[in-house]
Amino acid sequence: MRKITEALKTELDQVPAGRLSPELLRMRGYAAHEKDTPYRRRAYGLAALFTSYEPFIYQNDLIVGSIRPLYMVSNESEAAEAKKWMEIHKERNFHTNADHFAADYMTAARIGIPGLLEHIDRSAANGQHSEDELDYLSSMKITLLAFRELLLSYARKAGELIGTEGYDTERLRMIQDNCTAIAWNAPQTFAQGLQLVWLIHTCFVSEGKGAMALGRIDQFLYSLYESDIACGRLTDDGAQELLANVFAKIGESKYRDGTYDVINICIGGTTPDGKCAINPLSYCVLHAVDEVHLPGQNLSARVPEDAPDEFLDECLKVIGTGLGYPALMNDSVNMAALRRYGYEEEDVRDYCMVGCIENFITGKQPAWSDGRFDPIMFLEDVLCKTPTEELDAIPSMDAFMERYKERLAWGVDKYTEWFSRASAVADPKMCTSPFMSCFCDCCIERGKDINMGGAKYPSTHGAVLMGIGTVSDSLAAIEQVVFTDHKAKLSDITAAINANFEGFETLHELVKAAPKYGNNNDFVDKYAVWYTGYLADLFDRKRTYDGGPYYIAMAANVTNIYAGKDLKATPDGRLAGQPLSDAASPTYGKDERGVTATLLSVSKPDYTRCACGTVVNQKFSPSVFQDGKRQKLRQLIRIYFSRGGQEIQINSTSREVLMDASAHPEKYPTLVVRVSGFSALYVILPKEVQNDILSRTQHEAV
Amino acid sequence: MTLFVSSVQRFSVGDGPGIRTTVFLKGCNLHCPWCHNPENIDARPQTLTYRATGKTVLYGKETEIGQLVEELAEDTDFYRADGGGVTVSGGEPMLHPESVAELAAALGKRGIPLLVDTAGCVPWQSFEKLDGLIQMYYFDVKTADEDLCRDVIGGDLQLIKSNLQRLVARGDCVHARIPLIPGFNLSQDSFSKMAELMAAAGIRHVDLLPFHRLGAAKYEALGREYAYKEMLPPDRAAVEKAREFFGKTFETAVEW
């Protein structure tokens, strides 16, 4: 890590007092424009938010944009006044498409603030708009003008700080010049483009929005990068330094509650004309993320089929440091999944991710929304709510599946009804997003808010399906024990799960011995294939409140733990309260035949039905990331992707993980030690031998 | 024909080129005191219970070769890249030359290459049975000292040497594998003698395998005393020194 990045991280470690209070500034705008239209009043709220604080510049800033000044301590009357206004101009939430958005930074970087303002003026003057639309356009313009003021106040602040101890004059001059330049012109350099994008992002964050993706930064800044490189104004190292300076500031998000925001950054993928989009800037972004080495910068690598080996290799090197990023995305599967929804091909190719992995048509759809759909609950319903005689009269596995399918269809109806209702806010005019709408395609042309028909495409909702492993294993256990071996009746299964298998030890052993997902065994894998296809079919028939699609995802990495807490035992032998299988992975520790078998299983479902995205987690010991071994990992990923795998999130078992495995062996039943000619699980090793591995790992990390 | 398989490890990255599955077989005719796979010495099946997890594992499941090939062939796609395939290790797989030949032939029919990991202390006739069937041999060179070979590991150095020479002369691809064992062969004198032996045999590739005691838990589960329990792995500097020395004559890699 270079010195300036390290020094900036140290500055960022100082937590400000108070709490993030954008409403205290917003209300000033609301109050001052009480008599104006709701759209414009809403915009003046944002304008007040952008312009009534003193900008903050870190000593080690190269690119500015900080929410530090918005941490404030309020007095009671201010808080009461703010609360009153918050009742009038309500904020959207995750279910009502508030945030988790990837802005159209491509257009912003190309035409800048002046271009966007001109765009608004031209739209307003075209004679095609209603009063309402003209009113909305003027509200968008208010926010952009306020944003320009913010740029100018950063420029002023940089000028004022010249000569202050701890600040570097040259850097402050650069900040001053860049902010002034982009207030009045489209960005002309890479640094200006990055400055513009980061300050727009900072404004979103200052509004209280979370998981606002930076998106395809290696694409929308590429032409500026290219021209800077061509004229010798920039080097790759210089670009990386600027990017690291920006990514480090994602660390400000932890001030709120100690956890990091999830800012998705996307590299690679496909160009609008269908070619491999990996470029030299992709590598600068990758290395900048590595340099900053903090969570929160959620790096996703779109890996097209013709991605060069070098790209995957560099990604694996970064993953091998223990950072866990980038997540590797199979570009062709994701694009095939999105194509099903009729997006224009260029828009499909320009997708990125918001939040953890959610596929998003960049800058062309309302902000994201999702929820958790738990198919296990409905399996429990079939087993526990069907009268015993009726249950035992079910003649075959097929007949049992019909029952389950019916129940799932009912569940999907309920789920989508609830979300379609919850996503439609009562009075959308009062909670518009005029600033965000400036960066969403078609809002300016149509004179409409992003959530009121302005976005090119309607909203999408991601139904995050829980427990593919638990469901598949449970169905396989029922088929094996009840319908193949006839060793138990369905009602025995019901009684056993009701009793948490207490008193049903023999049956517990039988269901545990049935085939498990993740071992390349079609007897059980067929249920994972079915699960994906059937639930995709059900959700395909549904529409969000504004006519958009319901996507499906398998990406629950933490909620599988909470969901498991509320559920009874399951027919696969899982006990009550234990976690469900995570994301798209097999049940933890049940994929016992090695990683290739796991990947053969998990590449069986048709992920082109999972437009939202999936996550498959895999851990490897650090030795696999060494020169000479890493290419085997790369091949493993290539083959997995060629078989239709959608995503793989690889972790290097860092020292911390190994130490945890030593302390809690039960959590790491399948952690393999890979040494030539030797085969053993990590957790069986005596402590002192585990220490040998730890010291070896430490060595490798250096 | 059957084999007594003690374990099958997929995505083995240290047992040959490309992505491989390693099949560990039961039975060995040597008794190297540092052995990291002691569960594979006895040819008979054994059940071990590990203290740390309470888990019981059967080593030495008698497996039909046809069935084994089916299992190994699941990863065919993965093997295709970079010359991957199956490695047969142990134990001493060359104690079962007929079965290994049948395995190699069956895998060969499916285009899956087989690598044999051997200590080479078997009659030459055993290698004759595998003529033309093997992608590569990993041939252990543990010592070049006849007395040490006989007294410490129970091997016949003359037989090992002659097998190594004949294999190379026959045109097989042979990589020598030197386990770097503190107190046994980790000395300049011992390195020089091993280098001489390998050069005389026409060896060009050498892999160095630094000692580790990861097998300790297996000894405990077997109820056996592990002579190398307290022995620390060689440090980086010692391994680097060995790499430098062998690197002068051979293409040398360290398998950590």
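Where helices (runs of 4 or more DSSP H) fall entirely within the stretch B:176-256, those with at least 2 residues that are among the charged types (D, E, K, R) and away from chain A (no Cβ under 13 Å) are at B:188-201, B:236-247.
Just one of A:G274, A:G322 is in contact with a helix residue (DSSP H, G or I) (Cβ under 8 Å, 6 or more places away or on another chain), on the phi > 0 side of the Ramachandran plot and in a helix (DSSP H, G or I); which is it? Steps first, please.
Working: A:G274 fails: in a helix (DSSP H, G or I).
Being in contact with a helix residue (DSSP H, G or I) (Cβ under 8 Å, 6 or more places away or on another chain), on the phi > 0 side of the Ramachandran plot and in a helix (DSSP H, G or I) holds for just one of A:G274, A:G322, which is A:G322.
Output yes when any residue across the stretch B:65-74 is within 14 Å of chain A (Cβ to nearest Cβ), assigned to a loop (DSSP other than H, G, I, E, B) and in contact (Cβ under 8 Å) with a residue 60 or more places away in the chain, and no when none is. Looking through the stretch B:65-74, none of the residues is within 14 Å of chain A (Cβ to nearest Cβ), assigned to a loop (DSSP other than H, G, I, E, B) and in contact (Cβ under 8 Å) with a residue 60 or more places away in the chain. Output the residue which, of all residues in the stretch B:12-32 that are modelled with pLDDT of 95 or more and outside any loop (DSSP other than H, G, I, E, B), is farthest from the other protein chains (Cβ to nearest Cβ). Selected residue: B:L25. The set of residues from the stretch B:33-42 being more than 9 Å from chain A (Cβ to nearest Cβ) and not aliphatic (A, V, I, L, M) comprises B:P33, B:W34, B:C35, B:P38, B:E39, B:N40, B:D42.
If we scan the stretch B:78-87, do we find a residue that is within 13 Å of another protein chain (Cβ to nearest Cβ), closer than 23 Å to A:G628 by Cα and in a loop (DSSP other than H, G, I, E, B)? If you could, list the steps in order and put the result at the bottom.
Filtering the stretch B:78-87 down to residues within 13 Å of another protein chain (Cβ to nearest Cβ) leaves B:78-87.
Of the ones still in play, those that are also closer than 23 Å to A:G628 by Cα are B:78-87.
From the residues that got through so far, the ones that are in a loop (DSSP other than H, G, I, E, B) too are B:84.
There is at least one residue in the stretch B:78-87 that is within 13 Å of another protein chain (Cβ to nearest Cβ), closer than 23 Å to A:G628 by Cα and in a loop (DSSP other than H, G, I, E, B).
Filtering the stretch A:688-702 to residues that are modelled with pLDDT of 75 or more and farther than 28 Å from B:D140 by Cβ leaves nothing. For the stretch A:664-682, a residue qualifies if it is facing chain B (nearest Cβ under 8 Å), at pLDDT below 75 and not in a strand (DSSP E or B), and the qualifying residues are A:P669, A:S676, A:G677. Just one of (1) within 30 Å of A:T96 (Cα to Cα); (2) buried (at least 23 other Cβ atoms within 10 Å of the Cβ) fails for A:G268. It is (1). Screening the stretch A:357-443 for helices (runs of 4 or more DSSP H) wholly inside it with 1 or more residues that are at pLDDT 95 or above and closer than 30 Å to A:G112 by Cα returns the ranges A:434-437. Taking the listed residues A:L685, A:L633, the one that is surrounded by 23 or more Cβ atoms within 10 Å (Cβ to Cβ), modelled with pLDDT of 75 or more, within 10 Å of another protein chain (Cβ to nearest Cβ) and under 20 Å from A:R593 (Cβ atoms) is A:L633, with no other qualifying.
Being of a type in the set (A, V, I, L, M) and farther than 18 Å from A:P428 by Cβ is the filter here; which residues of the stretch A:96-110 pass it?
Taking the stretch A:96-110 first, the residues of a type in the set (A, V, I, L, M) are A:98, A:102-103, A:106, A:108-109.
Listed by number, the residues that qualify are A:A102, A:A103, A:M106, A:A108, A:A109.
Quick grid of which residues meet (1) under 19 Å from A:P665 (Cα atoms); (2) surrounded by 23 or more Cβ atoms within 10 Å (Cβ to Cβ); (3) away from chain B (no Cβ under 14 Å); (4) more than 21 Å from the chain's Cα centre (by Cα):
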site	(1), (2), (3), (4)
A:T587	yes, yes, yes, yes
A:T598	no, yes, no, yes
A:T608	no, no, yes, no
A:Q626	no, no, no, yes
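Could we say that A:A307 is at pLDDT 95 or above, over 20 Å from A:M174 (Cβ atoms) and touching a Gly at 6+ places or on another chain (Cβ under 6 Å) here? When the stated conditions are applied, A:A307 does not pass them.
Can you tell me which residue among A:D572, A:D582 is more than 14 Å from chain B (Cβ to nearest Cβ), within 27 Å of the chain's Cα centre (by Cα) and in contact (Cβ under 8 Å) with a residue 12 or more places away in the chain? Quick ask: steps written out before the conclusion?
Working: A:D572 fails: within 27 Å of the chain's Cα centre (by Cα).
Only one candidate passes the filter, namely A:D582.
In the stretch A:505-522, the residues that are away from every other protein chain (no Cβ under 14 Å) form Cβ pairs under 8 Å with partners that are at pLDDT below 95 and surrounded by fewer than 20 Cβ atoms within 10 Å (Cβ to Cβ), at six or more places apart or across chains, as follows: A:K516/A:E592. Residues in the stretch A:129-174 that are hydroxyl-bearing (S, T, Y) and under 27 Å from A:P428 (Cα atoms): A:S130, A:Y136, A:S138, A:S139, A:T143. Kindly evaluate A:S603 against the criterion of being among the polar types (S, T, N, Q), within 8 Å of chain B (Cβ to nearest Cβ) and out of contact with any Ser or Thr (no Cβ under 6 Å at 6 or more places or on another chain). For A:S603, the condition - among the polar types (S, T, N, Q), within 8 Å of chain B (Cβ to nearest Cβ) and out of contact with any Ser or Thr (no Cβ under 6 Å at 6 or more places or on another chain) - is not met. Within the stretch A:1-39, the set of residues being touching a His at 6+ places or on another chain (Cβ under 8 Å) and either more than 27 Å from A:F147 (Cβ to Cβ) or surrounded by fewer than 20 Cβ atoms within 10 Å (Cβ to Cβ) (or both) comprises A:M1, A:P38.
For the residues B:T56, B:T2, the requirement of being surrounded by fewer than 18 Cβ atoms within 10 Å (Cβ to Cβ), away from chain A (no Cβ under 12 Å) and touching a strand residue (DSSP E or B) at 6+ places or on another chain (Cβ under 8 Å) singles out B:T2. Return only the number of the condition from (1) modelled with pLDDT of 95 or more; (2) under 32 Å from the mean Cα position of the chain (by Cα); (3) not in a helix (DSSP H, G or I) that A:K35 does not satisfy. Against the list (1) modelled with pLDDT of 95 or more; (2) under 32 Å from the mean Cα position of the chain (by Cα); (3) not in a helix (DSSP H, G or I), A:K35 comes up short only on (2).
Checked against the criteria, A:K568 counts as surrounded by fewer than 20 Cβ atoms within 10 Å (Cβ to Cβ) and at pLDDT 95 or above.
If we scan the stretch B:43-52, do we find a residue that is buried (at least 18 other Cβ atoms within 10 Å of the Cβ), out of contact with any Phe, Trp or Tyr (no Cβ under 8 Å at 6 or more places or on another chain) and either of a type outside the set (S, T, Y) or away from chain A (no Cβ under 14 Å) (or both)? Yes: the stretch B:43-52 contains one or more residues that are buried (at least 18 other Cβ atoms within 10 Å of the Cβ), out of contact with any Phe, Trp or Tyr (no Cβ under 8 Å at 6 or more places or on another chain) and either of a type outside the set (S, T, Y) or away from chain A (no Cβ under 14 Å) (or both). Selection of the stretch B:33-55 for residues being more than 18 Å from B:G120 (Cβ to Cβ), touching a residue at least 40 places away in the same chain (Cβ under 8 Å) and not in a loop (DSSP other than H, G, I, E, B) yields B:P38, B:E39, B:Q46, B:L48, B:T49.
Of the set (1) within 21 Å of A:V15 (Cβ to Cβ); (2) buried (at least 22 other Cβ atoms within 10 Å of the Cβ), all apply to A:L214 but (1).
The values are calculated or read from the model by the stated rules, or taken from the named source; none is laboratory data. Source: prediction; values computed, not measured. Here Cβ is always computed from backbone atoms with ideal geometry, including for glycine, and neighbour counts include all displayed protein chains.
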